[in-house]
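Worksheet for the structure shown next.
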Amino acid sequence: MKKILLILTLVITFASQALALEIVKPSDKSSSVCTDSAHIYGTVTPESTVHINSQEVKVWKDFFVHSIPLKMGDNKITVVETQKNGAKKTKVINITRTEEPKEEVQPFIAKEPHTILTAKTIKNYAPVREKASGKSNRVIDLPKGIVLYLSGRQGDYYKIEETGETEFWINKNLISTPTSTDSRMPIVISAPEKSADNLYDYTKFAISYPVFYTIKQNDKTLNLTLYGVYGGPEAQKRNLEYTYNSKDTILGYDGVYSDGNFIFKTAKNPVIKNPNKPLEGLRIFIDAGHGGKDTGAVGPTKIPEKKFNLAIALKLIDLLQKEEGAIVSYSRNTDVFVDLNKRVDLAKQNDALISISIHNNSLPQGDDPYIKHGTGTYYYNYNAKNVALTIKNNLVNDLKLKDDGLNYKSLVLDRATDPVSTLIEVAYLTYPEEYMLLQEEKFQMEAADSIRKSLREFILSVQAE
Ligand SMILES: [Zn+2]
């Protein structure tokens, strides 16, 4: 009996040691931020009290989350855990608050007059931006091999020659070294040729070489512009403009170069045969955020975000396949690393109509975890706004979470125009109550079910007339 007690005591001691005071965020003993506050979280021995800089903070089961104001310069933060038996453990970290770095504006250097400056994109998903800055809006992601004419350079960005009110800029690392020539490559473009299959309508233009293009969506209209097209049926014009009108809500659309053609494709709206099963036969892509070496955010007791994302995604995949009869493809169904662009490629290769990326949030420094939390969704293209809004509203209602908004933000997994792409941040790992909920199977199931419900509602709202 004594032996068993001894073993039990040892087990308990080891168990409590495993949960003893540890600061999980910030993960380094000394770190630097430019915000006026920081939050700090970590594990504690159950039933102990915690003081941060002598102020007692709330302990949740076996962890704490706390926000502290920062003064300029060094901020020494002392965390003391007092266990039930009176034993104390102390951890000290330093957070240095610095000024926000200022972005230097470089002068614009125009190309030599009377010469033509040209380069090609050398990477897929090469963003064209509205300003000479990585922080500015993306107009379009270009594929590799697009011929660009440039008018000059500002810092690390080249300005694409042309046109109208919008400026187009591209980072020097995404294009070949620009060269000067005396004349443009002649270009010939054919009249549009239409075709269709089960999933898409296509408009094809035979073209001498791939040029820069943009596609703008206004409700039920898409405006395609192919820039610098001098020859062909539009010989008088500098650019070729093409308008696509739809009687239905516009879902996925894309421009693709293939075998000497520019192909403009638009996804067909689904024809729903059985209103009780609106997702039947539809192609849906589910992305469980992060995975493998990419943990995503890490919670106060070190559970990584990737685990919650996968748990919810698997439940959603199951519901969509078994109960809705949808054709589901996904980026991962195990704990593996998948490159971000590869996820988008997979969604496209599977001809998905909708792509849903599932994440859980963690607060950047400067915000208070007890104030900013809840559920939020993200979109970048107009065609994803409604599905993102529907998902967010249902999650807020079904899971009784705080509304963290319908957010417009450029992210790899919400940037594609085909499929219709949205990213969900179900809940925050930095908010104790949500972090504990995320660990419950029931909550994960409710989240998956709520997303399924939203997809049904969305599809019913956009079915073909
Ligand atoms: Zn994430």
Next item on the list: Answer yes or no: is there a residue in segment 274-285 that is of a type outside the set (D, E, K, R), touching a residue at least 60 places away in the same chain (Cβ under 8 Å), surrounded by 20 or more Cβ atoms within 10 Å (Cβ to Cβ) and within 16 Å of the ligand (Cβ to nearest atom).
Entry: no
Item checked: Output for segment 369-414, where each listed residue is more than 21 Å from residue 249 (Cα to Cα), within 16 Å of the ligand (Cβ to nearest atom) and acidic (Asp, Glu) -> 404
Next item on the list: Select, from 420, 426, the only residue that is outside the structural domain of residue 70 (by TED's automatic domain parsing), away from the ligand (no atom under 16 Å from the Cβ), in contact (Cβ under 8 Å) with a residue 12 or more places away in the chain and in contact with a Leu (Cβ under 9 Å, 6 or more places away or on another chain).
Entry: 420
Checklist line | Residue, surrounded by the fewest Cβ atoms within 10 Å (Cβ to Cβ), within segment 260-273, restricted to residues that are among the polar types (S, T, N, Q) and not in a loop (DSSP other than H, G, I, E, B) | finding: 261
Next item on the list: Under 7 Å between Cβ atoms, at least 6 apart or on separate chains: pull out the pairs that start in segment 352-378 with a residue that is within 20 Å of residue 432 (Cα to Cα) and not assigned by TED's automatic domain parsing to the domain that holds residue 417 and end on any residue that is outside any strand (DSSP E or B) and not basic (Lys, Arg).
Entry: none
Notebook entry, point to check: Within segment 67-110, which residues are of a type in the set (D, E, K, R) and under 36 Å from the mean Cα position of the chain (by Cα)?
Noted result: 71, 74, 76, 91, 97, 99, 100, 102, 103, 104
Item checked: From 120, 131, 144, residue being within 28 Å of the chain's Cα centre (by Cα), within 25 Å of residue 213 (Cβ to Cβ) and not in a loop (DSSP other than H, G, I, E, B) -> 120
Margin query: Where the second residue is polar (S, T, N, Q) and in a loop (DSSP other than H, G, I, E, B) and the first is farther than 16 Å from residue 31 by Cβ and lies in segment 86-100, which pairs have Cβ atoms under 8 Å and are six or more apart or on separate chains?
Written below: 89/45; 89/83
Next item on the list: Name, by its number, the condition in (1) within 16 Å of the ligand (Cβ to nearest atom); (2) outside any helix (DSSP H, G or I); (3) out of contact with any helix residue (DSSP H, G or I) (no Cβ under 7 Å at 6 or more places or on another chain) that does not hold for residue 366.
Entry: (1)
Next item on the list: Mind counting the residues in segment 432-452 that are surrounded by 21 or more Cβ atoms within 10 Å (Cβ to Cβ) and touching a strand residue (DSSP E or B) at 6+ places or on another chain (Cβ under 8 Å)?
Entry: 6
Check: What are the pairs, 6+ residues apart or on separate chains, where a residue within segment 295-317 that is in the same structural domain as residue 354 (by TED's automatic domain parsing) has its Cβ under 7 Å from a residue that is of a type in the set (Lys, Arg)?
Finding: 295/306; 296/306; 316/452
Next item on the list: Check whether at least one residue in segment 331-346 is away from the ligand (no atom under 16 Å from the Cβ), buried (at least 17 other Cβ atoms within 10 Å of the Cβ), under 17 Å from residue 287 (Cβ atoms) and over 13 Å from the mean Cα position of the chain (by Cα), and report yes or no.
Entry: yes
Item checked: Single match in 223, 198 (criterion: surrounded by fewer than 17 Cβ atoms within 10 Å (Cβ to Cβ) and in contact (Cβ under 8 Å) with a residue 40 or more places away in the chain) -> 198
Notebook entry, point to check: What number of residues within segment 297-314 satisfy the criterion of being closer than 13 Å to residue 446 by Cα, away from the ligand (no atom under 16 Å from the Cβ) and buried (at least 20 other Cβ atoms within 10 Å of the Cβ)?
Noted result: 0
Next item on the list: Taking residue 260 as the residue in question, decide whether it is more than 16 Å from the ligand (Cβ to nearest atom) and modelled with pLDDT under 95.
Entry: yes
Check: Which one of the conditions (1) of a type in the set (Lys, Arg); (2) over 19 Å from the mean Cα position of the chain (by Cα); (3) within 30 Å of residue 46 (Cα to Cα) does residue 273 fail to meet, given that it meets all the rest?
Finding: (3)
Note to self: Can you tell me which of (1) within 16 Å of the ligand (Cβ to nearest atom); (2) under 16 Å from residue 447 (Cα atoms); (3) surrounded by fewer than 18 Cβ atoms within 10 Å (Cβ to Cβ); (4) among the acidic types (Asp, Glu) is the one residue 318 doesn't meet?
What the structure shows: (1)
Note to self: If residue 455 meets every condition in (1) touching a helix residue (DSSP H, G or I) at 6+ places or on another chain (Cβ under 7 Å); (2) buried (at least 19 other Cβ atoms within 10 Å of the Cβ); (3) part of a helix (DSSP H, G or I) apart from one, which number is that one?
What the structure shows: (1)
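The values are calculated or read from the model by the stated rules, or taken from the named source; none is laboratory data. All values derive from a computational prediction rather than experimental measurement. Positions of Cβ are backbone-derived with ideal geometry, glycine not excepted, and every protein chain shown enters the neighbour counts.
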